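The structure appears below as structure tokens.
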Amino acid sequence: MLYIGSHVGFNKNTQMLGSLEEALSYNANCFMFYTGAPQNTARSPIEDGLTLKALEKMKEEKMDLSKIIVHAPYIINLCNEDNFEFSTRFLTEELERVNALGVKYLVLHPGSHIGLGVEKGLDNIVKGLNIAFMNLKDNNNVTILLETMAGKGSEIGSNLKEIKYIIDHVEDNSHLGVCLDTCHLNDAGYDLTKFNDYLEEFDKEIGINRIGCIHINDSKNEIASHKDRHENIGFGTIGFNTLMNIIYNEKLENIPKILETPYVDKEYPPYKYEIEMIRNKTFDENLIEKIKKQ
Ligand code: FE
Ligand code: FE
Ligand code: ZN
């Protein structure tokens, strides 16, 4: 079954119930949210009353809780030694918040080594993940999905070797997986017209069963640009057909596919329209105009 949704908002007054309602307004059957602002670590406590309402509504709408994703704030950087204690503590707290919501997956950017070098960066990430997992309460069942990155600046995780290193070296990797991002893969230098080759290599090195989520984005930039700027589906350098081959790849069935494409004119969310186009399997060159008229 196809699980397709998008990144949605989350605010402290409605919490996951508000996120769910936004997702339903796009006719999505899965979604992803940050538990606060993506660019900072200010977080309000999870309110169980709102969570219960959200879970009830999900049942009514036949939305599968195991397809819902949380994304950790992107300023968490486990490589950074100056902020290491804060980052690991925040990550543990975030895993507890995600668990309290009943959500199974937390997407995390591996980190940027900012001059320390890849090796040191990788070892700091492994250390940070070990500490965060170790400090969890026993009932925590959340899996961290390491996101494949574009390789912007000193980002770690833009190739399979680095992702594999982290998974292989964390003490207990039973709650560690991967989130693919199509824009990042393209910008990192992977030719997505040969996605089956990538998947084969991924399976050999890491195992397809580790993939817990896929971010579906087109890219504003050429392959290997290391830029990381997302584009609306079919309007970028990856293109509609290549993205459709990934979305409907048999081996990735049932894995939630999440759109993180930009708002049109910074104002109009594209997700309802992109989801419809993906379900129709036909590219609509007038989509952007339609989104503006919503
Ligand atoms: Fe991300
Ligand atoms: Fe992403
Ligand atoms: Zn990105």
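We did not get these values from a lab; they are worked out from the coordinates using the rules stated. Here the structure is a predicted model, which is why all the values come from computation and not from measurement. Glycine also receives a Cβ, built like all others from the backbone with ideal geometry; neighbour counts cover every protein chain displayed.
One table, with the values for the structure above:
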item: Radius ratio Rg over Rh of region 4-292, counting only Cα atoms, Kirkwood formula for Rh; result: 0.94
item: With at most 14 neighbouring Cβ atoms within 10 Å, loop GluC sites (Glu not before Pro) (DSSP) excluded, longest segment of the chain; result: 62-170
item: Label point at MET134 placed 7 Å out along Cα→Cβ; residues across region 58-99 whose backbone nitrogen lies under 16 Å; result: 84-93
item: Dipole-positive endmost among TYR190, ILE156, ASN99 within region 4-292 (Cβ charges, Cα centre); result: ASN99
item: Computed E for GLU47/ASN27 - FRET, C-beta separation, R0 22 angstrom, nearest 0.05; result: 0.25
item: Packing-based exposure ordering (other Cβ within 10 Å, fewest first) of THR41, THR88, THR282, THR182; result: THR282, THR41, THR88, THR182
item: Sequence of SER225, SER174 once ranked by neighbouring C-beta atoms within 10 Å, starting from the fewest; result: SER174, SER225
item: Inverse of mean 1/r across different Cα pairs in region 2-145, Kirkwood, Å; result: 15.8
item: Where the Cα pairs of region 205-276 fall when distances are cut into 10 Å bins, in %; result: 18, 47, 31, 4, 0
item: Compactness relative to 2.2 N^0.38 Å, alpha carbon Rg of region 27-96; result: 1.33
item: Cysteines without a disulfide-compatible partner [the chain; Cβ-Cβ under 4.7 Å]; result: CYS30, CYS79, CYS183
item: When the convex hull of its Cα atoms is projected in every direction, mean area for region 132-240 (nm²); result: 7.4
item: Highest-fluctuation residue, ASN99, ASN217, ASN13 considered, GNM on the chain with Cα pairs under 10 Å; result: ASN13
item: Cβ-derived FRET efficiency at R0 25 Å, LYS62 paired with ASN40, nearest 0.05; result: 0.15
item: GNM flexibility winner over the chain from ASP191, ASP228, ASP138 (Cα, springs under 10 Å); result: ASP138
item: Candidates LYS164, LYS220, LYS137, ranked by Gaussian network fluctuation over the chain, Cα under 10 Å, top entry; result: LYS137
